[in-house]
Number of protein chains: 2
Amino acid sequence: MQARFDEVKAQVQAALDAAMAELPKGELRDAMAYATVGGKRVRAFLVMESARLHGLGDDIALPVATAVELLHAYSLVHDDLPAMDNDDLRRGMPTCHVQWSEATAILAGDALQSLAFRLLSEDAIGDPEARLRLIRAFSDAIGARGMVWGQALDIAAETALEPLDLKAVTKLQAAKTGALIRFAATAGPLITGEDPQYLDEYAKALGLAFQIVDDILDVTGDEEVTGKRVGKDSNAGKATFVSLLGLDGAQAEARRYAVAAEAALKRYGESAENLRELARFVIERDT
Amino acid sequence: MQARFDEVKAQVQAALDAAMAELPKGELRDAMAYATVGGKRVRAFLVMESARLHGLGDDIALPVATAVELLHAYSLVHDDLPAMDNDDLRRGMPTCHVQWSEATAILAGDALQSLAFRLLSEDAIGDPEARLRLIRAFSDAIGARGMVWGQALDIAAETALEPLDLKAVTKLQAAKTGALIRFAATAGPLITGEDPQYLDEYAKALGLAFQIVDDILDVTGDEEVTGKRVGKDSNAGKATFVSLLGLDGAQAEARRYAVAAEAALKRYGESAENLRELARFVIERDT
């Protein structure tokens, strides 16, 4: 898996660099580029492997993988803003609004979202109907019924009288982090018009495993390794998988989801080994 | 023109209501709906008339007109934020972040952008290639080479050592307000694949006339009528068309652009009368 991961990382970085090079020079472009540096590229990897499993070459999937990473970068920039999570450290560097300014961070996030849609319209992806399917699914995944909705629920929970229960936290995270992961993992069948059911089941479970480990790392993680502040959510008294299940319970739950994710890939046989390995990596990671 | 304007307004409001009704209930949706209420709908009118001039029915153009108004609403919500222009009054009501919260305003703007792209992918628009042309042009018009770029230049100008000159202000406004107006006015030929040249020339001139009058109203306008604070830009010492040309000079310049806008419509003959009237309205308006 690692070789493939490195390959995807290099391809996506080159595509990001090319997209940025076409924009007018200045602070806005610099801030956008800054926001897209680093990252694990898990979502891009999902896109590329999903496409490969459905017989699509990297050249077809690359604009989609790049769009997903642009979108993820914008979501981090806006989530880190003082009015939102107020974070000052991300990927081991000052967050975008600390490095530049709040105004520039808001604008950089806005323009990253626009650019993501631009990439989904690219000819390289092929069939126009396929591109429109991607654009529709992407909009739903990231907007007021997906990622942004989840973030709004999260913000609302901070001022709620009672902390969320497990069902509510699961629903919130399925939207906030899960929706984009599901889009990424189903990009292959979305392009070919095949049934995304198994990859969708995989992604649903993977997304929750991923988020539970995020909550665990917020308690046990090392800032030097994760590149972001630890203890933020737990100290804020926010309901997380760890506060609701305990550390051991959360670890068991993450393992359960990772096993379910692997199981969903059965019909893809050997060829889905990279995605299975990703499910194992997600619960073992320390970053 | 007024009857057509009222017709477009009603159609767009119904389409906006329908789009909102499909979203999950809650503060996010309420804030999005709040942000889209009111407004002159000049951009929607441009889309519908541009489409009509190229033989397209309102049913085809309506999702595009709605997308443009969603996008415009998001841009106002983000521009009004404390970190940006810090406005508390818009369309005669408290701005979105005053009515709700900064976090909700940021998220509502983000989700309005996603929803705009969703509408541009709708089947009603027809030919898939046409929809992809719209999506590409829209992304360019609103992102890091269009509207957001213009806003970034505007923010940067606030801390620059020297105020901008006329050339720089014109360039800035051509991006900040002009790019979306040009997209709206060329939507018809973008859909049919015809040459957008004349409508683009019209829109370029109209956009500048529109912005010059905005600068004039910032000095001479009545808050009760414009529904937003007056004197903000002029008191902030920002370079505007009025600060650079004086009130009389700015009025003459706006008239010059409106005449150029009308002239660009020559080849459309009688059928472009609504757009000609709009050019005259734009420089006579008090709101």
Test set (1) open to solvent by less than 30 Å² (accessible area, probe 1.4 Å); (2) more than 8 Å from every other protein chain (Cβ to nearest Cβ); (3) over 19 Å from the mean Cα position of the chain (by Cα) - A:A141 fails condition number: (3)
Can you tell me how many residues in region B:46-60 are among the β-branched types (V, I, T) and not in a helix (DSSP H, G or I)? 0
I'm told B:R43 meets every condition in (1) more than 21 Å from A:G150 (Cα to Cα); (2) out of contact with any His (no Cβ under 9 Å at 6 or more places or on another chain); (3) part of a helix (DSSP H, G or I); (4) not small (G, A, S) except one. Can you identify the failing condition by its number? (2)
How do the pairs read when you match residues in region A:28-57 that are within 14 Å of chain B (Cβ to nearest Cβ) with residues anywhere that are open to solvent by 30 Å² or more (accessible area, probe 1.4 Å) and polar (S, T, N, Q), using Cβ under 8 Å and keeping only pairs 6 or more apart or on different chains? A:A31/A:Q99; A:Y34/A:Q99
Using the structure shown, decide if A:A264 is open to solvent by 30 Å² or more (accessible area, probe 1.4 Å) and either more than 16 Å from the chain's Cα centre (by Cα) or among the small types (G, A, S) (or both). no
All but one of (1) within 14 Å of chain B (Cβ to nearest Cβ); (2) surrounded by fewer than 20 Cβ atoms within 10 Å (Cβ to Cβ) hold for A:Q13, so report the exception by its number. (1)
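Would it be correct to say that A:A15 is on the phi < 0 side of the Ramachandran plot and out of contact with any Ser or Thr (no Cβ under 9 Å at 6 or more places or on another chain)?
Values: on the phi < 0 side of the Ramachandran plot: yes; out of contact with any Ser or Thr (no Cβ under 9 Å at 6 or more places or on another chain): no.
So A:A15 fails the test.
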Identify the residue in region B:86-118 that is more than 9 Å from chain A (Cβ to nearest Cβ), touching a residue at least 24 places away in the same chain (Cβ under 8 Å) and on the phi < 0 side of the Ramachandran plot and, among all such residues, is surrounded by the fewest Cβ atoms within 10 Å (Cβ to Cβ). B:D88
So, of the residues in region B:16-27 that are more than 9 Å from chain A (Cβ to nearest Cβ) and not aliphatic (A, V, I, L, M), which turns out to be least open to solvent (accessible area, probe 1.4 Å)? B:D17
Filter result for B:K176 (assigned to a helix (DSSP H, G or I) and either buried (at least 17 other Cβ atoms within 10 Å of the Cβ) or touching a helix residue (DSSP H, G or I) at 6+ places or on another chain (Cβ under 6 Å) (or both)): yes
Of everything in region A:33-60 that's within 11 Å of the chain's Cα centre (by Cα) and at pLDDT below 95, which residue is most open to solvent (accessible area, probe 1.4 Å)? A:K40
Which residue out of A:Y257, A:Y198 is among the hydroxyl-bearing types (S, T, Y), within 24 Å of A:L153 (Cα to Cα) and out of contact with any Asp or Glu (no Cβ under 9 Å at 6 or more places or on another chain)? A:Y257
What pairs can you find where one residue is in region A:62-75 and without any contact (Cβ under 8 Å) to a residue 60 or more places away in the chain, the other is open to solvent by 10 Å² or more (accessible area, probe 1.4 Å), and their Cβ atoms are less than 6 Å apart, with a gap of 6+ or different chains? A:T66/A:A15; A:T66/A:L119; A:L70/A:L115; A:A73/A:A35
Just to check your reading of the model, which residue among A:T170, A:T177 is over 24 Å from A:N86 (Cβ atoms) and more than 8 Å from every other protein chain (Cβ to nearest Cβ)? A:T170
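Considering each of B:G237, B:G193, B:G221 in turn, give the residue that is open to solvent by 10 Å² or more (accessible area, probe 1.4 Å), touching a residue at least 24 places away in the same chain (Cβ under 8 Å), closer than 15 Å to B:A51 by Cβ and out of contact with any His (no Cβ under 9 Å at 6 or more places or on another chain).
Answer to the check: B:G193.
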Of all residues in region B:121-137 being in a helix (DSSP H, G or I) and at the interface with chain A (Cβ under 8 Å from one of its Cβ atoms), the one that is surrounded by the fewest Cβ atoms within 10 Å (Cβ to Cβ): B:E129
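Let's see how each residue does on (1) of a type outside the set (K, R); (2) outside any loop (DSSP other than H, G, I, E, B); (3) under 18 Å from A:M84 (Cα atoms); (4) at pLDDT below 95:
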position: B:L62; (1), (2), (3), (4): yes, yes, no, no
position: B:H78; (1), (2), (3), (4): yes, yes, yes, no
position: B:A83; (1), (2), (3), (4): yes, no, yes, no
position: B:I106; (1), (2), (3), (4): yes, yes, yes, no
In region A:146-163, what residues are away from chain B (no Cβ under 14 Å) and either open to solvent by less than 20 Å² (accessible area, probe 1.4 Å) or among the hydrophobic types (A, V, I, L, M, F, W, C) (or both)? A:L161
Exactly one condition in (1) open to solvent by less than 60 Å² (accessible area, probe 1.4 Å); (2) within 14 Å of chain B (Cβ to nearest Cβ); (3) farther than 22 Å from A:A187 by Cβ is false for A:Y74; which is it? (3)
For region B:11-20, how many residues meet the condition of being under 18 Å from the mean Cα position of the chain (by Cα) and over 16 Å from B:A51 (Cβ atoms)? 2
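The values are calculated or read from the model by the stated rules, or taken from the named source; none is laboratory data. These numbers were taken from a predicted model, which means no experiment stands behind them. Note that we place each Cβ from the backbone using ideal geometry, even for glycine, and neighbour counts take in every protein chain shown. For the accessible areas, the whole protein counts, side chains as well, though only heavy atoms, and no ligand, DNA or RNA atoms are used. Shrake-Rupley method; radii C 1.70, N 1.55, O 1.52, S 1.80 Å.
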